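Visitor: After the structure tokens below, expect a handful of questions from me.
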Amino acid sequence: MNFDLIVIGSGPAGYKTAVSAAHHGARVALVEHGLPGGNCLNRGCIPKKALVYLASLIEDVDSLQGRGIVGSVRGDYAAAVLHKDQVVTGIRDGFAFGLRRLGIELVRAEARLQPGLRVALRPLEGQVAPLAAELSAGRIAIATGSAPRRHNTCPADGERILDSSQFMRTLHECPDSMLFVGGGTVGVELAYLMHQFGARACIAEPSDRLLDRHSISERASGALERKFRRLAIEVRKGVSVSACAPDAHGVNVTFSDGSADHFEKVLVGIGRRPRTEDLGLAEAGIDLDEDGFIRVSEYLETSLPGIYAAESARQGGKLLRVRYPWSRK
Ligand SMILES: Cc1cc2nc3c(=O)[nH]c(=O)nc-3n(C[C@H](O)[C@H](O)[C@H](O)COP(=O)(O)OP(=O)(O)OC[C@H]3O[C@@H](n4cnc5c(N)ncnc54)[C@H](O)[C@@H]3O)c2cc1C
């Protein structure tokens, strides 16, 4: 089957590309091997925002004690997770409907590039077979996103030690205690969330401040650290994890300063890596850099004419800007 554009990956980068191209009159196929909507809708921004909103309401009520509000509230994490799942499912159902209305073909399959602007589709287990074994197009856009980076001494096991994807998928009860390895956005927000729902939360951050990045001022990090101190969220700066040993009740953790502690769960949030393996990029002749990111031009075109790739936040955070040759105007 032939399309004007095939987009691989239906996260924010992929669906925005597909929708803009459809608005410009293109016939578009959007191929997805996971849940439609990508990480953002299913395991990232949306579920996190649904849960953190509830956590902030608990904080608001607590902070208004004695100012006309009497009595405290308590979070029920299991119920919050059900609410979060309903929010995500509702958006995901609407997502597929919206694509259909625009005439975008949502194909549930694993995509792999083939020579000559073609994409092979591998059927997914338990799903109806895709509409064809192979699609071809005038242009292809790669928007396969990223996956959590693995910690060498504290690798996620999906049970006691979780990465950020596993957190949303598997954590249905609030643990008594939880360590957050990495004080970036994921570690900070999820530590706040679990603390508000009743866990003892501790963040271990190797640098000397939380959210240690150019776009965040030291003043903002300082304000956040003061807030966490007031809430009794423990922040251990200048400390990394040197050993993790899961046992029947949790994880024994040894820190780089020689101290040790025990936590029921550990969340590893130390950044993400590009998901560019298993796509047939090298065989197709597409250049990657030494970290596995796809090299692109100012139009986000790869080294292979007609094939584009969404640019990562690391490279400036631009979304995919395919030139639109399909415009009917
Ligand atoms: C806990 C958490 C909270 C976050 N909160 C925020 C937030 O508040 N604000 C914010 O801006 N960002 C947030 N993020 C980051 C946000 O989720 C990502 O920036 C965003 O999802 C990136 O979008 P993307 O389209 O590039 O990739 P993704 O959303 O990862 O989508 C890529 C899609 O491609 C599919 N795919 C991969 N390979 C193939 C293949 N071979 N064939 C078919 N399909 C394939 C994947 O299944 C996936 O669905 C958060 C992330 C996490 C983990």
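The values are calculated or read from the model by the stated rules, or taken from the named source; none is laboratory data. Remember, it's a predicted structure, so these values are computed and weren't measured experimentally. Neighbour counts run over all protein chains shown; Cβ positions are idealised from the backbone, glycine included. All accessible areas refer to the heavy atoms of the entire protein, side chains included, with ligands and DNA or RNA removed. Shrake-Rupley method; radii C 1.70, N 1.55, O 1.52, S 1.80 Å.
Visitor: How much accessible area per residue does the chain have, counting only protein heavy atoms and a probe of 1.4 Å, in square angstrom?
Guide: 50
Visitor: Can you work out the FRET efficiency for the pair His214 and Arg100, with r the C-beta to C-beta distance and R0 = 56 Å, to the nearest 0.05?
Guide: Approximately 0.85, to the nearest 0.05.
Visitor: For the chain, modelled as a Gaussian network with Cα springs under 10 Å, which listed residue fluctuates most, Ala26, Ala133, Ala199?
Guide: For the chain, modelled as a Gaussian network with Cα springs under 10 Å, the answer is Ala133.
Visitor: Moving on. Let me make sure I get this right: for the stretch 83-159, a, b and c are the square roots of the gyration tensor eigenvalues over alpha carbons, sorted descending. Under 1.5 in a/c it's rounded, otherwise prolate if a/b > b/c, else oblate. Which is it?
Guide: Oblate is the answer for the stretch 83-159, as a/c is 1.5 or above yet b/c matches or exceeds a/b.
Visitor: Of all DSSP beta bridges located in the chain, what percent are antiparallel, nearest 5?
Guide: Close to 40 percent.
Visitor: Percent of accessible area on the chain owned by carbon and sulfur, 1.4 Å probe?
Guide: 51
Visitor: Suppose R0 equals 22 Å. What FRET efficiency, 1/(1 + (r/R0)^6) with r the Cβ-Cβ distance, do Arg169 and Thr254 give to the nearest 0.05?
Guide: 0.20
Visitor: Where does the chain land at 222 nm, in deg cm²/dmol rounded to the nearest 500, when only DSSP H runs of n ≥ 4 count, each adding -39500 (n - 2.57), divided by all residues?
Guide: Dividing the helical sum by the residues of the chain leaves -9500 deg cm²/dmol.
Visitor: What number, in percent, do you get for the relative contact order of the chain if the mean sequence gap of Cα pairs under 8 Å and at least 6 apart is divided by its residue count? Walk me through the intermediate numbers first.
Guide: Values: 641 pairs, mean separation 64.1, N = 329.
Once normalised by length, the contact order is 19 percent.
Visitor: Rounded, prolate or oblate for the chain? Axes are the square roots of the Cα gyration tensor eigenvalues, ordered a ≥ b ≥ c, and the cut-off for rounded is a/c under 1.5.
Guide: prolate
Visitor: Still on this structure: Would you mind working out the magnitude of the charge dipole of the stretch 141-193 relative to its Cα centre, with +1 at each Lys and Arg C-beta and -1 at each Asp and Glu C-beta, to the nearest 20 Debye?
Guide: Once rounded to the nearest 20, the dipole reads 240 debye.
Visitor: Only residues of the stretch 193-231 count here: report those whose backbone N is under 20 Å from the spot 7 Å along Cα→Cβ of Arg149, or say none.
Guide: Under cut-off, by backbone N: 203-217.
Visitor: Among Phe95, Phe197, Phe180, which one shows the highest mean-square fluctuation when the chain is modelled as a Gaussian network with alpha-carbon springs under 10 Å?
Guide: Comparing Phe95, Phe197, Phe180 in a Gaussian network model of the chain, the most mobile one is Phe95.
Visitor: When you count, for each residue, the other Cβ atoms within 10 Å and take the mean per peptide, how do 158-168, 30-40 rank with the highest first?
Guide: So the peptides 158-168, 30-40, ranked by packing, come out 30-40, 158-168.
Visitor: Oh, and also: Using a 1.4 Å probe and counting only protein heavy atoms, arrange Glu290, Glu311 so the residue with the most accessible area comes first. Spell out each step's value before the answer.
Guide: Numbers: Glu290 155, Glu311 35 Å².
Descending accessible area places them as Glu290, Glu311.
Visitor: Once you've got the GNM for the chain with C-alpha springs shorter than 10 Å, pick whichever of Ile294, Ile286, Ile307 has the biggest mean-square fluctuation.
Guide: Evaluated over the chain, the most mobile residue of the options is Ile286.
Visitor: Can you work out the FRET efficiency for the pair His83 and Ala133, with r the C-beta to C-beta distance and R0 = 35 Å, to the nearest 0.05?
Guide: Working: r = 41 Å, r/R0 = 1.16.
It comes to 0.30.
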